Amino acid sequence: MYNPFPYLGGDFYFPMKTKNPIKILKLDDGFHLLINISINGKPARMLIDTGASKTVFDKTRIGNFLKEEKFETHDKLSTGLGTSNMKSHLVVIKKINIGKLEIKNYKSVVIDLSHVNVAYSEMKQKPIDGVLGSDILKQHKAVIDYGKKIMRLF
């Protein structure tokens, strides 16, 4: 019997939820992967970071997607993205869409990503609204195809 779903290892087949185009941004010493998603029905631009433990959103840009900016103070300092002492806040995002995949009531961390957006501005690139991290990528068994410039989520 023909199975239309891609094989992911073991004896299991997972139906693909969505296949999304990605942009590969060439840097001096590597690449960044970018993807367009929607947050509460509004378009957003995210940096894909398989090494980021959690998906985070930019503190100054998250207001574009929420009716009210209700940040809950987060006791822990966030690390990564070029710093080890970043203050963070928590927010619940009602709906995130990555292609056909819909994530509801996502509890997320909000941090200051201005240093990333300053660097993007210097490269004449549009700012990012956040970083798509391995929490969502792992949960939805993300497969990144650099050749076809797509990311599949299951």
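The values are calculated or read from the model by the stated rules, or taken from the named source; none is laboratory data. What you are looking at is a predicted structure, and each value in this text was computed from that prediction instead of being measured. Using ideal geometry, Cβ is built from the backbone for each residue, glycine included, and neighbour counts are taken over all protein chains shown. Accessible surface areas use protein heavy atoms only, side chains included; no ligands, DNA or RNA. Shrake-Rupley method; radii C 1.70, N 1.55, O 1.52, S 1.80 Å.
Of note:
- Candidates 40, 20, filtered to the one that is modelled with pLDDT of 95 or more, open to solvent by less than 30 Å² (accessible area, probe 1.4 Å) and not hydrophobic (A, V, I, L, M, F, W, C): 20
- Strands (runs of 3 or more DSSP E) lying entirely in segment 43-105 (those with 1 or more residues that are buried (at least 20 other Cβ atoms within 10 Å of the Cβ), modelled with pLDDT of 95 or more and out of contact with any Cys (no Cβ under 9 Å at 6 or more places or on another chain)): 56-58, 83-98
- The residues of segment 118-151 that are open to solvent by 50 Å² or more (accessible area, probe 1.4 Å), assigned to a helix (DSSP H, G or I) and closer than 20 Å to residue 55 by Cβ, listed by number, are 138, 139.
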